[in-house]
Amino acid sequence: MTRQGYSRRDFIKGASALMAPSLFSRPLLAQTGAVQRLEWNTFRTTRHYASLVNAIATMKENTNPGDKRSWTYWVNAHVNFCPHGVPYFLAWHRGYLYYFEQQLRAVSGNKALVLPYWDYYTTPQMPAEFTNPSPLNPLYVARVNTNVIDALTLAPFAGTVINMQRGLANAFETSFEGMPHNPVHNIIGNVMADMQSPADPIFWLHHANVDRLWSAWQQGGGGRTTPPLTNSYWNGNFTYASRLTMQRNWTFDTRSALRYSYQNETMPASLPVARNGADIDSDSDNGFRLAAFDSAAPQLAQLTPRTGSATPRLLARPALRGFSPTAAGLVGPDRLSLGGVSRIPLDEFSVSAQVAIDDASADLLQRVLTGAPRGRGTAYRSARVVLDNVSISDPGRTGGYFYYLYLNLPSTTDVASASGAYLLGSIGPFEIAGAMHRVHMNIEAGGSEPGTVRLAFPVTLQLADLLVQDPRRLTVSFVRVSGDTSPGGPVIQVGEARLELSRDAPV
Ligand SMILES: [Cu+2]
């Protein structure tokens, strides 16, 4: 165990991991020793806590957005360059946090300062330091909710989620960004529910936790696969500001180029069983989740008491409501609608919509999903549920809620236990803000009506079986999840929900 021996082993280990020669051209600034990012409850007891608070206060006082030492500079980096709902969500944010952490060190003068993380799988209640509304507290901003227990899921850590990147089937990036990442933004609300979210100091602890859980997944074994450094996935650079970029391959892991680790690097194995500091049976809502069915169908409003499980405990599919059908037909050069329904208002209740698929469309759908010969030169390869002309009201934009989107839930099912099998994704103000952002950046088209967005949810290989079994009928259910505080009444309007065929590869 000589020092020399350790260094040599360390070097060999490092050399085999770092196949890309460019990694060795790291600037001097990164040649410090490896550091460990701490969980908030540990971090707050160290001397770094005061440095962090001071750095944030100092950065907020600096009102020059062109100055790296200002808070706004980092908010703008996110507004202008963050990839959400597109590839590199995880890797881009890893570099973003890294540069921000360096700035915290520069501003505080504490070269050992690390970014802390908030492990909401252990403590779903936001740390008290962030919720103290004193005007002197730089960690405080007004929020809709501070407990994110309703946003959590273990789905990204399932053994079936073996690929890392968006674009592949069973991908951690897609799964984790969809849930819990987006719902945490949605449930907290206010600035956290839009692209300005880094203006809320809790953003940085949320994303450090996202980065930590990605790192945990990367080390999780069981066939979980990160593209190797030699893969072209890591070619190129990320942009954060006009003169702030990072080689993608630096974000391959946390230790090789960026040289940090996390206090805990294991994936969560269970969800929090009770709300922090609250006796669930004495909650003002009597421990019941607020997600409810339409009051017009009270026989369906069977909610079980909140157990702390993160999935709404609904004992039947949300009530079907009648909506006007929309016709099948081409909706774009490579996209064919197989039918839909129009104008679904989303409010504090959960709701289901049924879409009738005609025989010809059902036949084509079945052929596409089973990979059968399709004839007539069609090149459709996959199906997706598209929510088009989606708009959001001002109270809706404030957040505090989101919806799970399910495909073909059986009419009598315990939604909590069925969720994995029928889940398409989630929709809330943060997803809508992200899509609006991609429209403004010319990354994707919006809805056909001005000021609206289009959200597409792939019918995964797993979900395709549900459609193949019964291709003439499609049911889309919106299951509302509300935080302790959430807006009532209409929040989101879905102009059209339809089933589309696309030429994209199935995922
Ligand atoms: Cu985020």
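The values are calculated or read from the model by the stated rules, or taken from the named source; none is laboratory data. Computed from a predicted structure; not experimentally measured. Here Cβ is always computed from backbone atoms with ideal geometry, including for glycine, and neighbour counts include all displayed protein chains. The protein model used for the area step is the full one, side chains on, heavy atoms only, and it has no ligands, DNA or RNA in it. Shrake-Rupley method; radii C 1.70, N 1.55, O 1.52, S 1.80 Å.
Scanning segment 466-507 for residues that are within 25 Å of THR413 (Cβ to Cβ) and either part of a strand (DSSP E or B) or free of Cβ contacts under 8 Å to residues at least 40 places away in the same chain (or both) yields a count of 16. Scanning segment 77-94 for residues that are open to solvent by less than 10 Å² (accessible area, probe 1.4 Å) and away from the ligand (no atom under 12 Å from the Cβ), we see that the one that is farthest from SER215 (Cα to Cα) is ALA77.
To keep it simple, each residue is scored yes or no on (1) modelled with pLDDT under 95; (2) touching a Ser or Thr at 6+ places or on another chain (Cβ under 9 Å); (3) buried (at least 21 other Cβ atoms within 10 Å of the Cβ); (4) over 16 Å from TRP71 (Cβ atoms).
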{"site": "ALA199", "(1), (2), (3), (4)": "no, yes, no, no"}
{"site": "TRP204", "(1), (2), (3), (4)": "no, no, yes, no"}
{"site": "ALA208", "(1), (2), (3), (4)": "no, no, yes, yes"}
{"site": "ASP211", "(1), (2), (3), (4)": "no, yes, yes, yes"}
{"site": "PRO228", "(1), (2), (3), (4)": "no, no, no, yes"}
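Taken as a whole, the structure places ALA128 among residues that are surrounded by fewer than 19 Cβ atoms within 10 Å (Cβ to Cβ) and either in contact with a helix residue (DSSP H, G or I) (Cβ under 7 Å, 6 or more places away or on another chain) or not assigned by TED's automatic domain parsing to the domain that holds ASP394 (or both). All conditions in (1) of a type in the set (Gly, Ala, Ser); (2) open to solvent by less than 20 Å² (accessible area, probe 1.4 Å); (3) free of Cβ contacts under 8 Å to residues at least 40 places away in the same chain hold for ALA50, with the sole exception of (2). Inside segment 65-76, residues that are under 23 Å from ALA435 (Cβ atoms) and open to solvent by less than 30 Å² (accessible area, probe 1.4 Å) make up a count of 2. Filtering ARG472, ARG438 for residues that are assigned by TED's automatic domain parsing to the domain that holds GLY399, within 16 Å of the ligand (Cβ to nearest atom) and surrounded by fewer than 21 Cβ atoms within 10 Å (Cβ to Cβ) leaves a single hit, ARG438. Quick check on my filter: what residues within segment 432-465 are free of Cβ contacts under 8 Å to residues at least 60 places away in the same chain and either touching a strand residue (DSSP E or B) at 6+ places or on another chain (Cβ under 6 Å) or assigned to a strand (DSSP E or B) (or both)? Residues satisfying the conditions are MET436, GLY446, GLY447, LEU463.
Across segment 204-246, which residue is nearest to ASN264 (Cα to Cα) among those that are of a type in the set (A, V, I, L, M, F, W, C) and within 16 Å of the ligand (Cβ to nearest atom)? My answer is LEU213.
SER337 falls short on exactly one of the conditions (1) modelled with pLDDT of 85 or more; (2) more than 25 Å from LEU501 (Cβ to Cβ); (3) open to solvent by less than 10 Å² (accessible area, probe 1.4 Å), and that condition is (2).
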